[in-house]
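Read-outs throughout are calculated quantities, based only on the coordinates presented, and are distinct from any laboratory measurement. What you see is a predicted model, and the numbers here were worked out from it, not measured in a lab. Positions of Cβ are generated from backbone atoms using ideal geometry, with glycine treated the same way; all protein chains shown enter the neighbour counts.
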Amino acid sequence: MQIVRVALDVPLSTLFDYTVAKDIAVAPGQRVIVPFGRRQMTGVVMECGATTNMAPERIKPVKQVLHDSAALSAGLLDLLRFCSDYYHYPIGQATLSALPARLRSDKPVISKPVSSYRLSASGTALDLDTFPKRKVVQRRILMKLAEQPCNLAQIKSLSATAGTRLKALVAEGWVESFSLATPLTPPSASSGQAKPSDITSSHSTMPSKNDGQVAGYPTCGRGEQIAQYTFDNAHTLTGEQQQAVDVVNSARGYTCFLLHGITGSGKTEVYVHLMHHVLQRGGQILLLVPEINLTPQLELYFHSRFPGVNLVSLHSGLSEGERLHNWQQAQTGAAQIVLGTRLSVFAELPGLALIIVDEEHDSSFKQQDGLRYSARDVAIFHANQRGVPIVLGSATPSLESYHNAQSGRYRMLKLTGRALADARLPTMRRININQTVMHHGISENLLREIGQRIARKEQSLLFINRRGYAPVLMCGGCGWLSGCKHCAGKMVLHLNDKRLRCHHCGYQLHVPHACPSCGSAGLHPVGSGTQRVESVLRERFPEARILRVDRDSTRNKRAWQTMRERIHANEVDILVGTQMLAKGHDFPALTLVGALNPDGALYSSDFRAAEKLFAQLVQVAGRAGRADKPGEVIIQTAFPDHPLFRALQAHDFEGWAASQLAERKMAGFPPFMYQAMLRAEGKQEADVYTFLDRAHAAAVELRHTVEILGVVPASLPRRANHIRAQLLIQSMKRKELQQFLRNWQPLLDTLPAQKLRWSLDVDPLEF
Ligand code: ADP
Ligand code: ZN
Ligand code: ZN
């Protein structure tokens, strides 16, 4: 008998021992089906051994070892062990939650051979000159396939509509699909291989000969025509870009680089060249991005730069089938580029040679439930483990990363100029809202500027980080406010459907006609959200085409895509939106950005609020004047002399970061302090506080050097009828904090907590 230790999706921090008959091959990383209580479950073998501490009569045999291609590598198992350990989350749950849903089921995964496409016999015989000229994309596909068979990704890289057009060609019989398992027969006179002239684009300034596998990189076992790609070397790098590329390319083994480049400095171009360097050598690239909304756009972009490359994306918007398919493309090495949101950090890339984390400061890299990992930090660990370079890119690096780069732990790479010579940084202006005429939250000056832009057929963007019409409804008679009866927060007024809606718990009501407290009819909205801004603009500019972009207006999956197309076609005069609009979108006609209500973050209780605000404002400002037209940014504030706005106006990230770091150091905040947050919530206040008080007492009893703060209410002390409170532990040494947590966690596990939900959050971002 062999013993296997299995990770199962249960909230216990142990592995479970089972036996496997001697004659059955089993290895770590394989999935197994095992009996657990009265059920059966799918688990992952973490270790194989000969002995167990369990009594022989209690240990049960594995029901089935799943022999399919989806086994996890030793490297991935190590990564998951690290995450379980560092974030103090049960190994089984960590392991299973990292897998695509299909791999968690108890069915073996039949990996379908990747379909490829080639001309059919009639397609080969077709004279392209007789093919309808207006079917542009279909012609392009036929021409491509006349050169060589292609897989779907390669065809999709030809055009956004190539997928649909391909279907039409197959339906009409010009093109046929075949599986790669079938031997390739050259379908036409030309060979199945790409010609060298396809591989190097004509205006390339770099030696970009595809010389296949280079010693030192693992081979990925992919079909050779899949590994082909073309490089569109569209730009000559600037000196700074070239230097950054050279430094990263000369890295041997693990190094963490921080690419700090102002907006428009061409960080993406640096990524592209780094990727090309790796692709030439047959390596795989993992590119992490914060927003699922950005992936389709980036996918198209990288396809256009690397025609023919096999690029897959991984994010939560994919269907289960797509997700599994893409995961396996990465795992078999067929995918040369894996582009994904935070969950893709757990993808398997056997040929991994480079990791890039774009917008590394973005808080959406941190998962806020379950395994509360930071994908950026896990990526750094992973790069280290695999001995490959990692590049963190941002215009406004997190203070953690910036500090690490300054102290020499990371290597700083700077892009200080804009890539396009004539593109200038936007000018910034502050408007004191107490000294100007305001119209429901928009100043007269800003409205006039917008009017001028409309006259010049340029776009304006108004940024306000609040959706709905107004954040609260108030009674003029008695001062009643529209509080949520289930939460400590306020109900937001949505005038479109005349409702009050709680953004914390989703509870909603019709807008009352009279004050529920005193009966007065004098109810009025207080403050502004996107809808109110939109209606003020409609009144002032009845002719203008106004587009609101927030979570309400983009609920429909395709909505945002359609909106982007309208913006790019210059069918919009004024954009009103939340931070959704701030991220990585290039709107060429945009020349004016107004930040309407940034003040809340200046004096927030969250010590990271100012850092986030700075990053957001730099990002929205970066939307203005990207093309040949100079941009202007107007900030409406009651505190025009605040250092944050002055630094912003001077485009002085360095100065701002230095002052923030000095403050953080004085106050004992990260990055000079490492933190872990214990959170608890439950229906009864007493249960919540008793649990946290006991946890506090247990912590004190450990007599450890860490700092144990008091039990306090959460920033939203009641949500959906649950009382919420928390307890913060911190230490100036990461190791000490970890040591403490290792001793504390088993004690927490023994505390009575039947009516509670609690969690431990290491390196918390939310307070
Ligand atoms: P970032 O991501 O740093 O904000 P981008 O990568 O979006 O900047 O680049 C800004 C613009 O400059 C893009 O339109 C890009 O095509 C262009 N660009 C980047 N590098 C170069 C270069 N070396 N020469 C000319 N244009 C460039
Ligand atoms: Zn009232
Ligand atoms: Zn609520």
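Quick notes on this one:
- Fraction of the pair-distance distribution of the chain above 41 Å, Cα-Cα pairs, percent: 40 percent
- Neighbours of HIS722, meaning other residues whose beta-carbon lies under 9 angstrom from its beta-carbon, give a summed charge of +4 when Lys and Arg score +1 and Asp and Glu score -1.
- The helix-based estimate of mean residue ellipticity at 222 nm for the chain, built from -39,500 (n - 2.57) per DSSP H run of four or more residues and divided by its residue count, is -9000 deg cm²/dmol to the nearest 500.
- Summary of the geometry: region 500-574 and region 656-689, compared by the centres of their Cα atoms, lie 34 Å apart.
- Estimated vicinal HN-Hα couplings, Hz - region 606-617 in sequence order (Karplus 6.51, -1.76, 1.60; Gly, Pro = x): 7, 5, 8, 4, 5, 4, 5, 4, 4, 4, 5, 5
- When each of the peptides 11-19, 323-331 is scored by how many other beta carbons lie within 10 Å of its residues on average, the order from highest to lowest is 323-331, 11-19.
- Amide hydrogen proximity for LEU352: with H placed 1.01 Å from N in the peptide plane, the residues at 5 or more positions away or on another chain lying under 5 Å are GLN284.
- Reachable lysines from LYS457, criterion Cα separation under 20 angstrom, eight or more residues apart if same chain: LYS629
- Relative to the current alpha-carbon distance between ARG424 and TYR301, full extension at 0.36 nm per residue lengthens the span by 41.9 nm.
- Under 19 Å of direct C-alpha separation, and excluding same-chain neighbours fewer than eight residues apart, LYS156 reaches these lysines: LYS135, LYS144, LYS167.
- Global geometry of region 674-762, whether rounded, prolate or oblate, following the gyration tensor of its Cα atoms and the 1.5 cut on a/c: prolate
- For region 360-390 versus region 423-446, the gap between their alpha-carbon centres in whole angstrom: 38 Å
- Straight-line reach from LYS60: taking Cα to Cα under 18 Å and skipping same-chain neighbours fewer than 8 places apart, the aspartates and glutamates in range are ASP9, ASP17, ASP23, GLU47, ASP106.
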